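Notes for the one structure printed next.
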Amino acid sequence: MARLTVNGQSHTVDADPDTPLLWVLRDQIGLTGTKYGCGIAQCGACTVHMDGMAVRSCSVPVSLADGKQIMTIEGLAQNGTLHKVQQAWIEHDVPQCGYCQSGMIMAVAALLKEKPKATDADIDREITNICRCGTYQQVRAAIHSAASA
Amino acid sequence: MNCMPTINRRSFVAGTAALGGGLALGFELPFGGSSASAQVAGPEVNAWVVVRPDETVVIRIARSEMGQGTLTGLAQLCAEELECDWSKVTYEFPTPGQNVARKRVWGDFFTAGSRGIRESNEFVRKGGAAARMMLVQAAAGQWNVPAAECTVANGVITHKGSNRSISYGKVADAAGKVEPPADIKLKDPKDWKIIGKGVKRLDTPEKVTGKAVYGIDVRLPGMLYAAIKACPVNGGKVKSFDAAKISGNKGVKKVVPVEDYAVAVVADTWWQAKTALDALPITWDAGENAKVSSESIAAWLKEGLDVDQAFVGNKGGDVKAALVGAAKKVEAVYGYPYQNHFTLEPQNATARYTDDKCEVWASCQNGEQALATASEASGLPIPKCEAYKTFLGGGFGRRSTSVDYVRQAVLIAKQMPGTPIKLLWTREEDMTHGWYHPVTQCKLTAGLDKDNNLTALHLRISGQSILAKVRPQALQNGADPATFSGFYPGGAEAAIGYSIPNILVDHSMRNPHLNPGFWRGVNINHNAIYLECFIDEVAKEAGIDALEFRRKLMANHPKHLAVLNAVAEKAGWGRPAAQGVYRGLAQCMAFGSYVAACAEVSVDGNKVKVHRIVAATDPGYAVNPAQIERQVAGSFVYGLSALFFQECTVKDGAIEQTNVDSYEMMRLAQMPKVETIEMPSGGFWGGVGEPTIAVAAPAVLNAIAAATGKRYRTFPLKQHGLTMA
């Protein structure tokens, strides 16, 4: 049994301790906005926040998340208002297929919390999520918009 | 729920192209049957348009949305003629089962080959126009005035003479009962107001909040999860598996064979299914194909470069004689590897089977193919089957070539009647059981006369045919016409842009056991690399500037030339680049559009930095310029990822690469600045999602050759120690 707080709600889930957080979120709690891409912490589609830090949930055992504050894409908007990163994403019409974008947005939200005025070098270093459609040009522009919002 | 009028199958709605889509599957869909109603809230004006009482306009979209933006573009086409308020437009996907029941009123669902807009634009626009005419007729009928005296704008119908107006939502119900018009006139393109505008995508809000539903996100009451392992060697079989070893594992419900080549575990959660499957002892019978390796394939293809027998794709003059008489000959051999699509959403499908119904939910590029597959796999006739499309987490052709994952899901569900089963492949299963970009080699021989004019070109392709495997009925006397994409002597699809007096393009077909598939750009990817790099090589031998050399051959190809000139001018070809920066060009016609690129790179040791790419495209009509810009930029990410990093190698008959760690792709830091020039010249409809990918690699390769003097002819470039900075 693991006790998680996800998007402010507490959950007790019956899962083996080494079950990746990703699958607990998706299949047991029913939050499918967080995606599976590679399963080896390379693509970033599964990025969520754990105590405010961006983590790749496919490689975080649920036992490590026990007692932690987890935030997924479904919890990013507060009181019905989209997060500034989501707003910038809409302004720049960033997503194509959209599958990577939950993870991309969560990674960017964590970056801007850490570095509100992220530079291109910060972005290059920190945002390593894979987008197969190739939205990178729009992603960069949207990050700068969000940073100046 | 309103009762809807029967929509007769009119010549405009589907046309013959739609029939081809069904037949192309090798599975004939029934065209008889009665009309059925789509399950929607709000009155249906016609098959394409529903207007709700709150004035929301629902436009039905038959093609799949996988990122390429066709959803929004098709809605723009319909809305243009409908004259509705764009801000009130939303969409829905009709199901393939409804399409069959309604005599394929929405035409073809096949979403590949950059065809979504170019092949359905006319009947989608006519669908919008017919709905507008019916709405106007309904209003005119209520007012008892001639319809011709009414005008429409932004979803409001006005009759000036009697100073009356009414909104679409108020007459939609009545409009649905109006006889559909027989004679429909479409707007002149110069009058378009929504087509040609870079309006925002209709699907963005749900894609930034995690609400968009992909196949992998489908959840049904009582659903169980399945993981699968197929024989690592294509064509091999399961010899045995020991279900008892894992049947007591937590959550495991069933261990089932899937035909003779795979085993699946069904469990309460996918992680339980996956980990139990990992622990399941399976013995494979790999069969004869286990003897195949990348080396044996390469040797076989190499033989094909020089054999006499080959299918001819383009022939003019007498190449043999011209080469004998040439003042100078240039020869080069290129090769292109197998590549996996790596859709970020791994293959998956959800199926529910009972004795009298089979339903599937899937990310797929052709809903009708999913429906046909559900019927074949379940053994139930099509009227007892249904397929529900979701958003696709990338398609790139993988989900158009084969829906093997749908078949597997149904076969598993059939062994647990009544229980919905979500089958999800691991990334590793996905990487090793793809429908790969086919493997080819190419030998090019050119002859120059004493004035350095290109007088002869023999281009011999040796390698795998996609159609021979996935659509053998499309072969022509054994030849695969698609292998000559980009080299056709003419036509509206993919004509060569050079006039060469003596030319021979031919293909020695050699089909290894790996499954080939449509992979964004398909055959033109490697074909454009072969021709556009070789043209640079020949120009260098001739001592002529690469742009000037091309121009001399392009006088009779003004549209090809126009995009080439556009990129050359904007990039500053002929003027000095920044210190250490070198340029390369490429052009081609693909999927009905004309594209060109000029790349700027610098090379520092083994690190190649792609700084900037200027890309031009002439798709005839530009429905949504903002989305075209994004497709063009994205094409460079997909194409350059392939060029630098991606290769699926074969050992003991199986693919060796299993995940991102052995199959890398571009990240944001490597993204060059892409400047897109859109120059729609009108009069034709070209595709957008794929054409540009064909010029990505050759433009960069030509720039690398300019920078280093080295010509790389096998890929990916990591083979040569190069990486992307």
Restricting the search to the stretch B:572-591, which residues are of a type outside the set (Lys, Arg) and surrounded by fewer than 24 Cβ atoms within 10 Å (Cβ to Cβ)? B:572, B:573, B:574, B:576, B:577, B:578, B:579, B:580, B:581, B:582
Are any residues in the stretch A:63-112 more than 8 Å from chain B (Cβ to nearest Cβ) and on the phi > 0 side of the Ramachandran plot, and if so, which ones? A:67, A:79, A:80
Taking the conditions exactly as written (under 28 Å from residue B:198 (Cβ atoms) and out of contact with any Ser or Thr (no Cβ under 6 Å at 6 or more places or on another chain)), does residue A:49 satisfy them or not? no
Given the conditions (1) within 14 Å of chain A (Cβ to nearest Cβ); (2) touching a strand residue (DSSP E or B) at 6+ places or on another chain (Cβ under 8 Å); (3) without any contact (Cβ under 8 Å) to a residue 12 or more places away in the chain, and given that residue B:278 satisfies all but one, which numbered condition is not satisfied? (2)
Can you name the residue in the stretch B:618-635 that is over 17 Å from residue B:589 (Cβ atoms) and buried (at least 23 other Cβ atoms within 10 Å of the Cβ) and, of all such residues, is nearest to the other protein chains (Cβ to nearest Cβ)? B:634
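Residue by residue through the stretch A:31-54, note down the ones that are aliphatic (A, V, I, L, M) and either assigned to a strand (DSSP E or B) or facing another protein chain (nearest Cβ under 7 Å) (or both).
Here is the first cut: in the stretch A:31-54, the residues aliphatic (A, V, I, L, M) are A:31, A:40-41, A:45, A:48, A:50, A:53-54.
A:40, A:45, A:48, A:50, A:53, A:54 - these are the residues of the stretch A:31-54 that are aliphatic (A, V, I, L, M) and either assigned to a strand (DSSP E or B) or facing another protein chain (nearest Cβ under 7 Å) (or both).
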Please state which of the following conditions residue A:132 fails to meet, knowing it meets all the rest: (1) within 16 Å of the chain's Cα centre (by Cα); (2) among the basic types (Lys, Arg); (3) buried (at least 20 other Cβ atoms within 10 Å of the Cβ). (1)
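Can you name the residue in the stretch B:74-130 that is in contact (Cβ under 8 Å) with a residue 40 or more places away in the chain and of a type in the set (Ser, Thr, Tyr) and is also nearest to residue B:370 (Cα to Cα) among such residues? It would help to see each step written out before you state the result.
The initial filter retains those residues of the stretch B:74-130 that are in contact (Cβ under 8 Å) with a residue 40 or more places away in the chain, namely B:74-86, B:88-130.
Restricting the remaining residues to those that are of a type in the set (Ser, Thr, Tyr) gives B:90-91, B:95, B:111, B:114, B:120.
Values: B:90: 25, B:91: 21, B:95: 11, B:111: 12, B:114: 20, B:120: 20 Å.
Here the answer is B:95.
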Looking at residue B:491 and the list (1) under 25 Å from residue B:330 (Cα atoms); (2) not in a helix (DSSP H, G or I), which single condition is not satisfied? (1)
Tell me, which residue of the stretch B:389-444 that is among the small types (Gly, Ala, Ser) and in contact with a Lys or Arg (Cβ under 8 Å, 6 or more places away or on another chain) is farthest from the other protein chains (Cβ to nearest Cβ)? B:418
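Give B:642, B:697 a once-over and let me know the one that is in contact with a Leu (Cβ under 9 Å, 6 or more places away or on another chain) and either more than 21 Å from residue B:573 (Cβ to Cβ) or surrounded by 18 or more Cβ atoms within 10 Å (Cβ to Cβ) (or both).
Working: B:642 fails: in contact with a Leu (Cβ under 9 Å, 6 or more places away or on another chain).
Answer to the check: B:697.
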Just to verify a result, which residue in the stretch A:8-28, among those that are at the interface with another protein chain (Cβ under 10 Å from one of its Cβ atoms) and loosely packed, with under 15 Cβ neighbours inside 10 Å, is farthest from residue B:274 (Cα to Cα)? A:14
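Just checking, does the stretch B:553-572 include any residue being at negative phi and either acidic (Asp, Glu) or at pLDDT below 95 (or both)?
If we filter the stretch B:553-572 for residues that are at negative phi, which is where we start, we get B:553-571.
If we keep only those that are either acidic (Asp, Glu) or at pLDDT below 95 (or both) as well, we get B:569.
Yes, the stretch B:553-572 contains at least one residue that is at negative phi and either acidic (Asp, Glu) or at pLDDT below 95 (or both).
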Of the residues A:28, A:9, A:96, which single one is modelled with pLDDT of 95 or more, among the polar types (S, T, N, Q), in the same structural domain as residue A:133 (by TED's automatic domain parsing) and more than 14 Å from the chain's Cα centre (by Cα)? A:96
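Identify, please: which residue in the stretch B:85-119 is hydroxyl-bearing (Ser, Thr, Tyr) and within 17 Å of residue B:46 (Cα to Cα) and is, among those, farthest from the chain's Cα centre (by Cα)?
First, the residues of the stretch B:85-119 that are hydroxyl-bearing (Ser, Thr, Tyr): B:87, B:90-91, B:95, B:111, B:114.
Add one more test, that the residue is within 17 Å of residue B:46 (Cα to Cα), and what stays is B:90-91, B:95.
Details: B:90: 24, B:91: 21, B:95: 20 Å.
Here the answer is B:90.
Would you confirm, using the coordinates I've provided, whether residue B:268 is in contact with a Leu (Cβ under 7 Å, 6 or more places away or on another chain), among the acidic types (Asp, Glu) and at pLDDT 95 or above? Walk me through how you get there before you give the answer.
Values: in contact with a Leu (Cβ under 7 Å, 6 or more places away or on another chain): yes; among the acidic types (Asp, Glu): yes; at pLDDT 95 or above: yes.
When the stated conditions are applied, residue B:268 passes them.
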Odd one out for residue A:38, checked against (1) crowded, with 22+ Cβ neighbours inside 10 Å; (2) touching a Ser or Thr at 6+ places or on another chain (Cβ under 9 Å): (2)
Taking the stretch A:110-140 and keeping residues touching a residue at least 12 places away in the same chain (Cβ under 8 Å) and polar (S, T, N, Q) leaves A:128, A:129, A:135, A:138
Is it the case that some residue within the stretch A:113-124 is buried (at least 20 other Cβ atoms within 10 Å of the Cβ), within 10 Å of chain B (Cβ to nearest Cβ) and not in a strand (DSSP E or B)? yes
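The values are calculated or read from the model by the stated rules, or taken from the named source; none is laboratory data. In this text, all values refer to a predicted model and were calculated from it rather than measured experimentally. So basically every Cβ, Gly included, is an ideal-geometry build from the backbone, and we count neighbours across all protein chains shown.
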